[in-house]
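Asks: Quick one: this structure, given as structure tokens, is what I'll be asking you about.
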Amino acid sequence: MANKVWPVAVLLLTLHFCQAKSALDEARQMAASYASCTARYDRLQEEYELKIRSGRPGQNQNESIAAYNRTLAKKKAELGELLRQNGKSRSSNELDLLRSKIMIEAGRTDDAEKIIDRLCAIQSPLALEAKLQKVSIYLLKQRPTKALELFKSIESLLKKDAQFFKICLALARSNLDGRIREEYAHKFVDSPELPVSLRPYKTLVYADLATWAKDARRLNQANSYFEKAQAMSHYQPWRKKLTAELEQISLMDKPAPPLQGESWLNSRALPWLSLRGRVVIITFWAPWCPSCRELLPVLQEQYSQLKNQGLLVIGCTKLYGCSSDDVGKVEKVNAAEELALIQKYLENNRILYPVLVGAEGRSFDTYAVTAVPTLVFLDRRGVVETIQSGSSTPQRIRAQIKSLLAETK
């Protein structure tokens, strides 16, 4: 009897070994295909980013972005095909972990999460990598708090590879608490182990650090970060924006330079020195700007409610030679026509605070405004408190106004 059992046992062991070897070979083959695909598309991404950073004359950025998005769609389709081709492969923890990675990049996060949750629960060296994939899924699903909690629990055990730093980057640019964002921003920019492929993102992270320092009125630190971001960037429009940020920092904590323009709407001309003693918000805007159109009613509301407490809002815009708003669009207008259209826009939207219109936009140059909306806050002494470029939230605007009005006259 023993003689009969022995050959059967040997046969079963042989079959098990062959199956394991086959599953391992399939995993290696799938991993090689995945690596080849991602490497190819990573190169395309780098080429795209190089074009953007170089700022070549005549390049249509919208077309480049559209082409980039098409490339990402092709990558997803190719990874989806790779999953389909290997759909009948033998299952193993290693192969399932690889499948989950590919699923995430192919946009199948729910399917990937089911696999990852199972792998996270097992006692295996793969559990750590599965948890790292779970962090990525939390971030993709806009759940940064959960991502941070899990990442913190495994961070000390992880190797500092590209995926580690991609998660640091995502946490730094999330909507988490400011201290957390700064912590992971520094882990990204300060590490000598940062992969070469991710170093172009340092300019964005330094710009974020600078903006946070600027908002906290750590102006020397903000200036240093903006200079670092500028030194790393070769994309001319981005360098221009960073230069403007540096110029705006140089205006802060100093007497505000007077506005310049030819036409006042909703008011007589306001002598600059007469503004002392009031909190002033200068809003640089344009009727064609959707973010500006959302902001104007908030500023009008604050002006109506708080003007008797010392708040003054001044809109500042310039002539563009065309007109566009939420009602209609006119390709070409002369100065008088455009001025009349701006006045009509203010009337239609019940904007009553003073608005200064300049033919050449010299005030835009004075305050280094390269994008609208931009808000400039002046305290009661006529000193520039802060400058906020880009859209802002009503809550933030109200808080800033409340703080400035509370200061002693």
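Asks: Can you tell me which aspartates and glutamates have their Cα less than 15 Å from the Cα of Lys402? Leave out same-chain residues fewer than eight positions away.
Replies: Glu301, Asp379, Glu385
Asks: Can you send over the solvent-accessible area of Arg362, 1.4 Å probe, protein chains only, in Å² to the nearest 10?
Replies: Its heavy atoms expose roughly 100 Å² to the probe.
Asks: Sticking with this structure for a sec: For Lys329, go through the aspartates and glutamates and keep the ones whose alpha-carbon is under 14 Å away, minus same-chain ones fewer than eight residues off.
Replies: Output for Lys329: Glu337, Glu338.
Asks: Kindly report the accessible area of the range 283-347 per residue (heavy atoms of protein chains, probe 1.4 Å, no ligands, DNA or RNA), in Å².
Replies: Per-residue accessible area for the range 283-347 comes out at 49 Å².
Asks: Applying the Karplus parametrisation 6.51 cos²θ - 1.76 cosθ + 1.60 with θ = phi - 60° to the phi angles of the range 29-43, what ³J(HN,Hα) value in whole Hz is obtained for each residue in order, glycine and proline being reported as x?
Replies: Listing the rounded values in order: 5, 5, 5, 5, 5, 5, 5, 5, 5, 5, 4, 4, 6, 4, 5 Hz.
Asks: Given a Förster distance of 30 angstrom, what is the FRET efficiency for Ala231 paired with Arg398, based on the Cβ-Cβ distance and rounded to 0.05?
Replies: 0.25
Asks: Something else about it: Below 8 Å, C-alpha to C-alpha, sequence gap of six or more: please give me the relative contact order for the range 210-361 in percent.
Replies: After rounding, I find 25 percent.
Asks: Let me ask you something else. Excluding ligands and nucleic acids, what accessible area in Å² is computed for Lys307 using a 1.4 Å probe, to the nearest 10?
Replies: 100 Å²
Asks: Taking loop as defined by DSSP and a crowding limit of 11 other beta carbons within 10 Å, which GluC sites (Glu not before Pro) in the range 113-214 fit?
Replies: Sparse-neighbourhood loop GluC sites (Glu not before Pro): Glu193.
Asks: Now for a different question. Just for the chain, what percent of DSSP beta bridges are antiparallel, to the closest 5?
Replies: 60 percent
Asks: What accessible area per residue, rounded to a whole number of Å², is obtained for the range 57-188 using a probe radius of 1.4 Å?
Replies: 55 Å²
Asks: Another question about this same structure. Say the cut-off is 31 Å between C-alpha atoms; which of Lys152/Lys202; Lys131/Lys241; Lys101/Lys152 go over it?
Replies: Lys131/Lys241
Asks: Could you let me know the centre-to-centre spacing of the range 235-260 and the range 377-399, using Cα atoms, in angstrom?
Replies: With the range 235-260 and the range 377-399 each reduced to a Cα centre, they are spaced 15 Å.
Asks: Under a plain spin-label model, where a point goes 7 Å from the Cα along Cα-to-Cβ, how far apart in nm are Lys329 and Glu183?
Replies: In this crude spin-label approximation the distance works out to 4.7 nm.
Asks: Using every pair of alpha-carbon atoms in the range 65-106, split the distances into 10 Å bins beginning at 0 and state the percent of pairs per bin, rounded to integers.
Replies: 29, 46, 19, 7
Asks: Fully extended, how many nm does the chain gain between Leu352 and Cys322 (0.36 nm per residue separation, minus their Cα-Cα distance)?
Replies: In short, 8.5 nm is gained.
Asks: Can I ask one more? Within the range 221-337, what whole-number % of the accessible surface is contributed by carbon and sulfur, with the 1.4 Å probe and all protein chains included in the calculation?
Replies: It is 52 percent, rounded to a whole number.
Asks: For the chain, report the translational diffusion coefficient in µm²/s to the nearest whole number, using Stokes-Einstein at 20 °C, 1.002 mPa s, and a Kirkwood Rh over Cα pairs.
Replies: The Stokes-Einstein estimate is 84 µm²/s.
Asks: How much length, in nm to one decimal, is gained on full extension between Glu81 and Lys152, taken as 0.36 nm per residue of separation minus their Cα-Cα distance?
Replies: So the chain would gain 22.1 nm between Glu81 and Lys152.
The values are calculated or read from the model by the stated rules, or taken from the named source; none is laboratory data. Just so we're clear, the structure is a prediction, and the values are computed from it rather than from any experiment. Neighbour counts run over all protein chains shown; Cβ positions are idealised from the backbone, glycine included. SASA here: full protein model, heavy atoms, side chains in, ligands and nucleic acids out. Shrake-Rupley method; radii C 1.70, N 1.55, O 1.52, S 1.80 Å.
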